[in-house]
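Read-outs: derived from the displayed coordinates by stated rules, not from any lab. Being a predicted model, the structure only gives us computed values, none of them experimental. Don't worry about glycine lacking a Cβ; one is built from the backbone with ideal geometry, like all the others, and counts go over all protein chains shown.
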Amino acid sequence: MEKQTIPTSRFSRLIHPMPAFLITCAGQDGQPNAVAIAWLMPVSGDPPLLAFAIRQQRYSYELLQENPAFVVNVMTYKQAVEVLFCGRCTGRNVDKFATANLTPVKAQAVSAPAIAEALAHVECEVEAEYEAGDHVIVVGKVVAASAKEGAMTGDFRDLVAAPPLLHIGGDRFTTSSGEVSEPDVGMD
């Protein structure tokens, strides 16, 4: 099979789909915000660390500078509209929780909100940051984790009961079944 040349500006489309999450945070005023993130990965088991990439211009990055704590909210395929909406607008101008019908709840261990409707929560304190081109890599130390009853089968996520939300790129999502959706959030 011959290979076609892909512009290096589109290399990330070759490694997608990636799981899509909503990361929640709050500044000093306590106002909750959510940002859609697909570039997230575990980086250490001991101590438990994860990392995600975010642009410095994002409102959520600004909030992380004020309050270095966040929650990774694990969303399901059925929540693609909410995730896309939170990725399409800024919390500087929009109350994303109210508009997307998401409920902020107190996290177990960090001073950032969680999303009640999420499948699971991974609570983190910012451990380090590294500049990486047009993004910053934020490393978080995992201090608490929880999931809805039935989300796990033994030590693994139940992909039937809790199908993952996978971001293909742009406005496109899929799940482990291969079904593809392009939700319309009415912002065009």
Nearest-0.05 FRET efficiency for Met1 and Ala116, computed from C-beta distance (R0 41 Å): 0.30
Point-charge dipole on Cβ atoms (K/R +1, D/E -1) for segment 20-162, about Cα centre, debye to 20: 400 debye
Loop-located trypsin sites (Lys or Arg not before Pro) in segment 72-116, at most 12 other Cβ atoms within 10 Å (DSSP): Arg92
Relative contact order, percent, the chain [alpha-carbon distance under 8 Å, six or more residues apart]: 24 percent
Selection of trypsin sites (Lys or Arg not before Pro), segment 1-68, meeting DSSP coil and at most 16 other Cβ within 10 Å: Lys3, Arg55
Low-density loop cleavage sites - GluC sites (Glu not before Pro) in segment 72-163, where at most 12 other Cβ are within 10 Å (DSSP): Glu149
Estimated distance in nm for a label pair at Gln28 and Arg13, the labels positioned 7 Å out from Cα along Cα-to-Cβ: 4.3 nm
Segment 146-157 - phi-based ³J(HN,Hα) in whole Hz, Karplus 6.51/-1.76/1.60, Gly and Pro as x: 8, 9, 4, 4, x, 6, 10, 10, x, 8, 10, 5
The chain shape via C-alpha gyration tensor axes, a/c threshold 1.5: rounded
³J(HN,Hα) computed for each position of segment 47-55 - Karplus, 6.51 cos²θ - 1.76 cosθ + 1.60, integer Hz, glycine/proline x: x, x, 10, 9, 9, 9, 9, 8, 6
